[in-house]
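Comments concern the structure below.
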Amino acid sequence: MITKCFKNDKEDIKQAAVILKNGGLVAFPTETVYGLGANAFDETAVLNIFKAKGRPADNPLIVHIYSENQLSEIVSEIPKKAKILMDKFWPGPLTIVMKKSDNIPNIVSAGLNTVAVRMPVNETAFNLLKECNLPIAAPSANTSGKPSPTTFKHVFEDMNGKIDAVIDGGNCEVGVESTVIDLTEDIPMLLRPGGITLEQLIETLGEVKCAYEYKDGTIPKSPGMKYKHYAPKAKVIVVRGNLQKYINKHCNNYNKIGILSYNNINLPNNAVYKFFGNNSREYASNLFKYLREFDELGVDVIFAEDIDDKGINLAVRNRLYKSAGYTIAEE
Ligand code: TXA
Ligand code: MG
């Protein structure tokens, strides 16, 4: 299959919408990461998303919309708290899990009786969703297990030859995926931290339970939690405490080391350095990009400096720990 590269203009977005309406797959930018979209009502098209990504069939997809009017054909009820969140944070990086309507095929929700819905704020995503006027099921547009794509190039590396088209919308602003919150039970449950912070959710809703850490052997609240995620080819080690000391101690055990840090480091000869950023927004927009760049540089290990859990850092840290398979060193 030849993957078409579309520009971010009216004519190309029209063509992309036609592909989606005809059951094809189109990757498109959102404010968080690039998504790989298909018509959510078309089971065959959705099945092709799972094939292109190599995604496990029990991991459900997020349905993307441009207007709240579309909700009536996607969910069976809109909880009061969901309406409050939509009014405040939509369009934006917040995904809300609600009870599913029968119109949404089981393949989208991976057999669950709930469905995750999000309204992106990115203009290209909005224009595309409006043009096709269909709910679009879209996971992140990466090969399953790899870091999510935040640039056109990342999508092309993973998906060229496997999907119908990609829209080049430049770099994604946030850089980590949307916050996922489940509102199907009495107390709202945070399933994945993201661009809308836990602090913002608590301020808006009062009590919010955190259910985004998965413990082996339990049934995860969100199926995606139990899979290896965001992993570059290199082994990732999160370093808590004195990174310089850790590097000095361990640098001779590796051929080439990638160092992700927000401090000045005395680099050994076999290390390459990337500056994590000046604040949590920069950490978020750099993390996935740098994990991929370290792979291109051929490092065999990445030492990443630990961060706190305030604001968007909670999401960045969650992705970082997962990419490390929770390998955390104390120094
Ligand atoms: O920012 C984002 O959310 C991006 C862009 C493209 O919108 N999408 C994205 O999709 O990150 P994906 O498929 O990579 O992650 C979706 C997450 C998974 O962890 C999945 O398990 C969870 O949402 N999820 C989807 N439907 C769910 C449901 N009904 N109940 C619980 N978790 C659900
Ligand atoms: Mg993903």
Kindly indicate which of 113, 103 is surrounded by fewer than 21 Cβ atoms within 10 Å (Cβ to Cβ), over 16 Å from residue 166 (Cβ atoms) and touching a helix residue (DSSP H, G or I) at 6+ places or on another chain (Cβ under 6 Å).
103
Among residues of region 161-207, those that are without any contact (Cβ under 8 Å) to a residue 24 or more places away in the chain and either in contact with a Gly (Cβ under 8 Å, 6 or more places away or on another chain) or at positive phi (or both), counted
1
Check residue 124 against each of (1) in a loop (DSSP other than H, G, I, E, B); (2) polar (S, T, N, Q); (3) surrounded by fewer than 24 Cβ atoms within 10 Å (Cβ to Cβ) and name the one condition it does not meet.
(1)
Taking region 21-30 and keeping residues touching a residue at least 40 places away in the same chain (Cβ under 8 Å) and farther than 18 Å from residue 156 by Cα leaves 21
Qualifying positions in region 28-60 - at pLDDT 95 or above, over 26 Å from residue 281 (Cβ atoms) and away from ligand 2 (no atom under 14 Å from the Cβ):
38, 39, 40, 41, 42, 43, 44, 45, 46, 47, 48, 51
Given the criteria within 23 Å of residue 50 (Cα to Cα), within 15 Å of ligand 2 (Cβ to nearest atom) and free of Cβ contacts under 8 Å to residues at least 24 places away in the same chain, does residue 220 qualify?
yes
Regarding region 258-266, can at least one residue be identified that is among the β-branched types (Val, Ile, Thr) and touching a Ser or Thr at 6+ places or on another chain (Cβ under 6 Å)?
no
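From the list 187, 202, 181, 163, which residue is within 13 Å of ligand 1 (Cβ to nearest atom) and either modelled with pLDDT under 95 or not acidic (Asp, Glu) (or both)? Can you show your working first?
Details: 187 fails: within 13 Å of ligand 1 (Cβ to nearest atom); 202 fails: within 13 Å of ligand 1 (Cβ to nearest atom); 163 fails: within 13 Å of ligand 1 (Cβ to nearest atom).
Unique residue meeting the criteria: 181.
With 236, 208 as the choices, which residue is of a type in the set (A, V, I, L, M), modelled with pLDDT of 95 or more, over 23 Å from residue 115 (Cα atoms) and in contact with a strand residue (DSSP E or B) (Cβ under 6 Å, 6 or more places away or on another chain)? Step through it out loud before you land on a result.
Numbers: 208 fails: over 23 Å from residue 115 (Cα atoms).
The match here is 236.
Of the residues 284, 304, only one is in a strand (DSSP E or B), aliphatic (A, V, I, L, M), modelled with pLDDT of 95 or more and within 29 Å of the chain's Cα centre (by Cα); which?
That would be 304, the only listed residue that is in a strand (DSSP E or B), aliphatic (A, V, I, L, M), modelled with pLDDT of 95 or more and within 29 Å of the chain's Cα centre (by Cα).
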Hey, can you tell me all the residues within region 110-161 that are of a type in the set (Ser, Thr, Tyr) and within 16 Å of ligand 2 (Cβ to nearest atom)?
140, 143, 144, 148, 150, 151
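Given the structure, is residue 194 among the small types (Gly, Ala, Ser), assigned to a loop (DSSP other than H, G, I, E, B) and within 12 Å of ligand 1 (Cβ to nearest atom)? Can you show your working first?
On the way: among the small types (Gly, Ala, Ser): yes; assigned to a loop (DSSP other than H, G, I, E, B): yes; within 12 Å of ligand 1 (Cβ to nearest atom): yes.
Here the answer is yes, as residue 194 does meet what is asked.
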Every residue in region 93-115 that is of a type outside the set (A, V, I, L, M, F, W, C) and at negative phi, please.
93, 95, 99, 100, 101, 102, 103, 105, 106, 109, 113, 114
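Among the residues of region 307-315, is there at least one that is touching a Phe, Trp or Tyr at 6+ places or on another chain (Cβ under 6 Å) and either in contact (Cβ under 8 Å) with a residue 12 or more places away in the chain or surrounded by fewer than 19 Cβ atoms within 10 Å (Cβ to Cβ) (or both)?
Initially, region 307-315 is screened for residues touching a Phe, Trp or Tyr at 6+ places or on another chain (Cβ under 6 Å), giving none.
The answer is no; no qualifying residue exists.
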Can you find even one residue in region 138-160 that is surrounded by fewer than 23 Cβ atoms within 10 Å (Cβ to Cβ) and more than 19 Å from the chain's Cα centre (by Cα)?
yes
What is the number of the single condition among (1) assigned to a helix (DSSP H, G or I); (2) in contact with a helix residue (DSSP H, G or I) (Cβ under 7 Å, 6 or more places away or on another chain); (3) more than 16 Å from residue 232 (Cβ to Cβ) that residue 277 does not meet?
(1)
Could you say whether any residue in region 95-104 is near ligand 1 (Cβ under 10 Å from one of its atoms) and without any contact (Cβ under 8 Å) to a residue 40 or more places away in the chain?
yes
Scanning for something closer than 13 Å to residue 126 by Cα, more than 9 Å from ligand 1 (Cβ to nearest atom) and in contact (Cβ under 8 Å) with a residue 40 or more places away in the chain, does region 52-63 turn up at least one residue?
no
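The values are calculated or read from the model by the stated rules, or taken from the named source; none is laboratory data. This is a predicted model, so every value here is computed, not measured. Note that each Cβ is placed from the backbone with ideal geometry, even for glycine, and that neighbours are counted across all protein chains shown.
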